[in-house]
1. Round to the nearest 0.05 the FRET efficiency obtained for residue 113 and residue 373 when R0 = 51 Å and r is the Cβ-Cβ distance.
2. Report ³J(HN,Hα) in whole Hz for each residue of the stretch 195-208, in order, from the Karplus equation J = 6.51 cos²θ - 1.76 cosθ + 1.60 where θ = phi - 60°; Gly and Pro get x.
3. If you count only protein heavy atoms with a 1.4 Å probe, what accessible area per residue comes out for the chain, rounded to a whole Å²?
4. Work out, step by step, the length gained on full extension between residue 132 and residue 91: first 0.36 nm times the residue separation, then minus their alpha carbon distance; give nm to one decimal.
5. Chymotrypsin sites (Phe, Trp or Tyr not before Pro), restricted to the stretch 296-388: which are DSSP loop and have at most 14 other Cβ atoms within 10 Å?
6. Could you tell me the relative contact order of the chain? Use alpha-carbon pairs under 8 Å, at least six residues apart, and round to a whole percent.
7. In the chain, if the dipole is taken from +1 on Lys/Arg beta carbons and -1 on Asp/Glu beta carbons about the Cα centre, which of 362, 36, 80 is farthest to the positive end?
8. Taking R0 as 30 Å, what's the FRET efficiency between residue 318 and residue 409 from their Cβ-Cβ distance, rounded to 0.05?
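The values are calculated or read from the model by the stated rules, or taken from the named source; none is laboratory data. All figures in this text were calculated on a predicted structure; none of them were measured in a lab. All Cβ positions, glycine included, derive from the backbone under ideal geometry; neighbour counts span all protein chains shown. Just the protein is used for accessible areas: all its heavy atoms, side chains included, with ligands, DNA and RNA removed. Shrake-Rupley method; radii C 1.70, N 1.55, O 1.52, S 1.80 Å.
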Amino acid sequence: MVRGILKRSGRAFMAAAFLLVALPAVIYTFSLSPPLARTGGFGETTCAECHGGTPLNGGPGSVTIGAPAFYTPGATASIPVNIQDSSSDRRKWGFELSARFRNGRQAGSFTAAAPAAVQTSGSGIQYALQQQGQNLTGNSFTFTVNWTAPADGSGGDVVFNAAGIAANGDSSDSGDHIYTSQVVAAAPAAAKISGGGVVNAATFVAAPNNTIAPGALVSIFGTGLAPTTAGAAALPLPTILAGTQVTINGIAAPLIYVSPTQINAQAPFELTTGSALNVVVKLAGLLDSAAEPVRVDAASPGIFAVTQSGAGSGAILHANFSLVNSGSPARPGETVLIYCTGLGATTPAVKTGAAGNGESTVNLPTVSIGGQNARVDFSGAAPGFAGLYQINAVVPTFTAAGDYEVIITIAGRQSRSGVTIRVQP
Ligand code: HEC
């Protein structure tokens, strides 16, 4: 834009001469921070108003905003704005980000440290933006700003708009790649557990036959269960992940994985058995979910399936820890390791959330393979995992090759049908 004016002659030259006086100050401002209200959201133009190179969003890259799926009132979240561009000649990076309710009003507030900064427009909208273009040869740059969510959810959803520039570093507004994007952080609402959504993590058996057992791995399905996806980093398992907590009859359950729609947790060993124990998902700063009842039995056996769909080929290993399958079938007389959950208490007891180490189950299971009784050599906590159990059983005699159904019975409860082992006589 500025360049175009300087190239002209005649009357335009006069204008240019006038501009030259004003220019240094203007250029100085741009080098530090872009002008406000150029995110492309809420009717704003974008950096492409001045910057040229490729058409808006026409370059080999993008800008992404790392906002949460929904916001927690009053909580401060770190929001990365990442600009990436695969061309080899990008040298300078810049951005601008806004957070507004759907009615256009400012939502929450930004704070930022260099190289990002925060400026407020005359109409009261805050913009997080680069303090100055960031010099870095490469294919991506991330600016991080802190965003404190509104004190309550009455304003509704928050719309984040960002514009990002992957510039060529020539200190002009030409030859640059401009990108925009938008994400919505939904208004906060209590987590919602689906009806019958608490199930054995191995079987996924649906209500009304969904039962769990003390110490078992369970999956919880629903919506708004966590603002982001997070996994436990170490053992013993934590009871809070990404601000999400699960209680079963008031006892905090160790968490393996949380996401907006699914949680994998361990039922505490401390649970008493009963037909309607309440599972509640609690999110920091929000109302608790409605309680979802689940039946807790002394045992609720489930064999993990290789596809993690509850049925089909079981997670069953040879003694050398390689998987039993059609390419490597089990032989009659061989000892196989059956991985399962829900076998209940062990002796000595394993602490809730802690890794097992071969402690035997209090109740002894029977195992049937293809309708025949299989000798059980061991039943206990799988070493190195929380909530995972292992049964070592001897494959009975068969005369024909096939996928034979494996059923565990313990404390009067049977594992579901449809989990198989490949046997080749
Ligand atoms: C009103 C015109 C205008 C708008 C709008 C504008 N810029 Fe610029 N920008 C310039 C000019 C002129 C320069 C070159 C002079 C300078 O560096 O100050 C520049 C330079 C830059 C540079 C350095 C470029 C390089 O190759 O060295 C970055 C980075 C940058 N702008 C980021 C942005 C971002 C991000 C936006 C949108 C949020 C934006 N600008 C919007 C006029 C503009």
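1. Numbers: r = 67 Å, r/R0 = 1.31.
Calculated transfer efficiency: 0.15.
2. Taking θ as phi minus 60°, the curve returns x, x, x, 9, 9, 4, 5, 8, 9, 6, 4, 7, 4, x Hz for the stretch 195-208.
3. It amounts to 44 Å² per residue over the chain.
4. Value of the extension gain: 13.5 nm.
5. Values: sites: 304, 321, 339, 378, 385; in loops: 304, 321, 385.
Passing sites in the stretch 296-388 are 321.
6. Relative contact order here is 12 percent.
7. About the Cα centre, the residue reaching furthest to the positive side is 36.
8. Details: r = 24 Å, r/R0 = 0.78.
Approximately 0.80, to the nearest 0.05.
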